[in-house]
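One structure below.
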Amino acid sequence: MTAALLVLEDGRAFRGRRFGAPSDAAGEVVFNTSMTGYQEILGDPSYAGQIVVMTYPLIGNYGIAPEDFESRQAFLSGFVVKEPSRIASNWRHERSLEEYLVASGVPGFCDFDTRALVRHLRTHGARRGVIADAAQGVDALAARARGVPPMAGCDLASTVSDALAHGWVRRSWALPGDSPGQEPPRAQPVASEPFRVVVMDYGVKWNILRRLVDVGCSVTTVPANTSAEDVMRLRPHGVVLSNGPGDPEPLAYAVDNVRALIGRVPVFGICLGHQLLGLACGAKTFKLKFGHRGSNHPVMDLMTSRVEITAHNHGFAVDPDSLPKGVAEATHVNLNDQTLEGLRLRNAPAFSVQYHPEASPGPHDAHYLFDRFADLMRDHAAEHAR
């Protein structure tokens, strides 16, 4: 490990050491409060263009396991921890965190006071930053940080979306020796055939696809810029708007396509997909001060008054006051800061949530939303069969 600096655009500097890939890192510096799940975080395409700071001090202690990947590669710009574990203790792991970062080309930064950095970000908001050799100096690196493109206004979804459509057949994996009764139950599909579901890939996490298979879906993912008409040619029972990175407002092509799908087929939006559904129905979005990233956010389902602990990763949100009356209504609210966490359309089979019901990483409290989507597809198919 060599001496390095992490310098923010406002000139705040932190001296530590490199680990992982030896290259420099530049991007928006954000923090995640999860205690576990670092591999799923590393593989989440929603972190494209960001340097992720883990608040839990020791990261890497259970290594990297093949079952826990959430995408085809790591998309984040850098990974920051207090202390990377020198050993990995887990019977499933195949390599260490250090080895994974090197192989993936992800630079890391460690051995400094991450608490001070997180407190700075909470006070001043997410900041652009650079990780580089200490010899370059604070002033030069601060200037480089100010030159990093801001997250607002960037279309990052098109940079992480798979360029090709493909099917997905894998369901949630079970530990060796688990009985079939311990596997996730399947919902009753339409006419004993799988639900045909098209997933708009804005940076989809694989566990969303696994959970759709669990509830009886035949899944096809399509690139982010796929037109509504091309989606409908696949004759879907439902469409999922996936998670993804960055600001939803520059994605005018996606908003237009979502608007063209509304009312024709059931729609389920997740994270960025939630924001796109909001924009498509006439609402507005805004950038949060430092975002929601972690697996411990309490959210109330306003339809049932049930509180669930949920996993989050987003820096933008839908403005609840902008929801058009008579068109859309709030369904979920964050109990930490009262931000909008879910909405549904009143006159079309479409709903969305800001958080991650696939829970990878995170608690499983929101798995019911996939069953709710299956019920919506079943009801819609039955209605149109009359």
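Mind checking the per residue accessible area of the chain for me, 1.4 Å probe, whole number of Å²?
Accessible surface, normalised per residue, equals 40 Å².
Want the number for LEU288 to GLU67: 0.36 nm per residue separation, take away the alpha-carbon distance, what's left?
76.3 nm
Where Rh is the Kirkwood radius over the Cα pairs of the stretch 276-379, the temperature 37 °C and the viscosity 0.692 mPa s, what D in µm²/s does Stokes-Einstein return?
235
As a test of the formula, what do you get for the chain when each DSSP H run with n ≥ 4 contributes -39,500 (n - 2.57) and the sum is divided by the residue count, at 222 nm and rounded to the nearest 500 deg cm²/dmol?
-6500 deg cm²/dmol
For the residue pair VAL307 and ILE87, what label-to-label distance in nm results when each label sits 7 Å from Cα along the Cα-to-beta-carbon direction?
Reported label-point gap for VAL307 and ILE87 is 4.0 nm.
ALA13 to ALA103: extension gain in nm, 0.36 nm per residue of separation minus the Cα-Cα distance?
29.6 nm
Where q = 0.08, 0.14 Å⁻¹, what log10 of I(q)/I(0) comes from the Debye formula for the chain, counting one point per Cα?
-0.40, -1.19
Could you order peptides 231-244, 92-105 by the average number of other Cβ atoms within 10 Å of their residues, highest first?
231-244, 92-105
Name the residue from VAL7, PHE69, VAL80 whose Cα lies farthest towards the positive end of the charge dipole of the chain, charges +1 on Cβ of Lys and Arg and -1 on Cβ of Asp and Glu.
VAL7
How much length is gained on full extension from LEU164 to ARG119, taking 0.36 nm per residue of separation minus their Cα-Cα distance?
12.1 nm
Given THR226, TYR38, LEU323, which one lies farthest toward the positive end of the charge dipole of the chain, if we put +1 on the Cβ of every Lys and Arg and -1 on the Cβ of every Asp and Glu?
In the chain, that residue is LEU323.
Convert each backbone phi in the stretch 248-253 into a coupling constant with the Karplus relation 6.51 cos²θ - 1.76 cosθ + 1.60 (shift: θ = phi - 60°), then list the ³J(HN,Hα) values in order as whole Hz, x for Gly and Pro.
Whole-Hz 3J(HN,Hα) from phi for the stretch 248-253: x, 5, x, 8, 4, 4.
With unit charges on the beta carbon (Lys/Arg positive, Asp/Glu negative), name the residue among ASN347, PHE370, ALA385 whose Cα is farthest towards the positive pole of the charge dipole of the stretch 347-386.
The residue sitting most towards the positive pole is ALA385.
When the accessible area of the chain is computed with all protein chains present and a 1.4 Å probe, what percentage of it is carbon and sulfur?
51
Using the crude model of +1 on Lys and Arg Cβ and -1 on Asp and Glu Cβ, and no other charge, please compute the dipole size for the stretch 285-332 relative to its Cα centre, in debye to 20.
My answer is approximately 200 debye.
How far apart, in nanometres, would the label points at ASP321 and MET35 be if each is projected 7 angstrom from Cα along the Cα-to-Cβ direction?
About 3.8 nm separates the two model spin labels.
How big is the Cα convex hull of the stretch 46-153 in projection, averaged over all directions, in nm²?
That works out to 8.0 nm².
For the stretch 192-273, what is the convex hull (Cα atoms) projected area averaged across all directions, in square nanometres?
Over all viewing directions, the stretch 192-273 projects a mean Cα-hull area of 5.0 nm².
The values are calculated or read from the model by the stated rules, or taken from the named source; none is laboratory data. Fair warning: this is a prediction, and the values are worked out from it, not measured in the lab. In this analysis, Cβ positions are derived from the backbone assuming ideal geometry, glycine residues included, and neighbour counts consider all displayed protein chains. Accessible surface areas use protein heavy atoms only, side chains included; no ligands, DNA or RNA. Shrake-Rupley method; radii C 1.70, N 1.55, O 1.52, S 1.80 Å.
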